[in-house]
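Right, one structure below, let's go through it.
What follows draws every value from the coordinates through simple rules; no lab data is involved. Quick caveat: nothing in here was measured; it's all calculated off a predicted structure. Here Cβ is always computed from backbone atoms with ideal geometry, including for glycine, and neighbour counts include all displayed protein chains.
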Amino acid sequence: MDRMSSQVPCSRGFTLVELMVVLAVLSITLVLAIPGMQRLSQSMQVRTEARRLLSAINLTRSEAIKRNVPVSLCPSPMARTGEATCTGIYADGWIMYSNRNRDRVVDSDDELIKVFNGLAPGYSLTNRAATRDENQLITYYPDGTAHRNRTLMICSKQYPDLSSWSVIMNIVGRPRIARDWGDCPSG
């Protein structure tokens with residue numbers, strides 16, 4: 001008989017102690033990593049919401065130039081209610097419409113161009129000083145100007161110490177985004 005065939009194969013595996021040590025290390029790692037991941041996720045969502053608002057403002061500007069009429073962006077909960085009104089705050093949603101008489105009313109001669117959902121729950125959109133929710137009409141004229149400076153700041157309500165992201169419009173109407181362009185409201 002061959003010596004090799006008489007040996008019993010040795011089984012390899014984990015002992016209960018080794019398994020418990022691995023589970024303990026994994027648990028500690030997860031407990032330490034999850035809060036950091038939540039903050040990272042919130043930070044990325046703030047930036048995403050700012051970019052979404054920037055896209056809407058850029059589209060408003062290009063539509064005004066293309067249509068050769070004033071085009072406005074105003075706060076509206078239309079995505080939820082189905083009613084084309086300029087009411088509420090931008091955090092609830094916004095609409096874009098041609099606005100020949102430059103008012104806050106979507107008239108019969110105005111064309112509703114696009115409807116946008118509001119911010120994801122847990123985020124705020126305020127002025128740069130964070131003293132009030134933003135609700136003012138943004139109107140672009142056929143020459144691509146807005147005739148007004150403004151800053152729309154987006155923050156996380158859960159983590160107000162996270163960096164804010166702001167959409168900044170200069171008097172010519174050029175929008176851009178910037179990080180930490182104001183302090184988020186606490187609480």
Query raised in the report: Under a Cβ-Cβ cut-off of 15 Å, what is the net charge of the residues other than Val71 that fall near it, where Lys and Arg count +1 and Asp and Glu count -1?
Result: +1
Report task. Could you state the angle between the C-alpha long axis of helix 16-67 and the longest principal axis of the C-alpha atoms of the chain, as a value from 0 to 90 degrees rounded to the nearest 10? Result -> 20 degrees
Query raised in the report: Seen from all sides and averaged, what is the projected area of the convex hull of the Cα atoms in region 91-187, in nm²?
Result: 6.6 nm²
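To the nearest 500 deg cm²/dmol, what mean residue ellipticity at 222 nm is calculated for the chain from DSSP H runs of n ≥ 4 alone, each contributing -39,500 (n - 2.57), summed and divided by the residues? Numbers along the way, then the final one.
Values: 3 runs with 60 residues, N = 187.
Only helices count here, giving -11000 deg cm²/dmol.
Given Cα positions, please report Rg to Rh for the chain, the hydrodynamic radius being the Kirkwood one. Could the numbers behind the result be given before it?
Values: Rg = 26.6 Å, Rh = 19.4 Å.
Across the chain, the Cα-based Rg/Rh ratio is 1.38.
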Requested in this report: Taking H placed 1.01 Å from N in the peptide plane, check which residues at least 5 places from Trp181 or on another chain put their amide H under 5 Å from its amide H.
Outcome: Ser164, Ser166
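Between Ala24 and Thr151, what length comes free when the chain is fully extended (0.36 nm per residue of separation minus the Cα-Cα distance, one decimal in nm)?
40.9 nm
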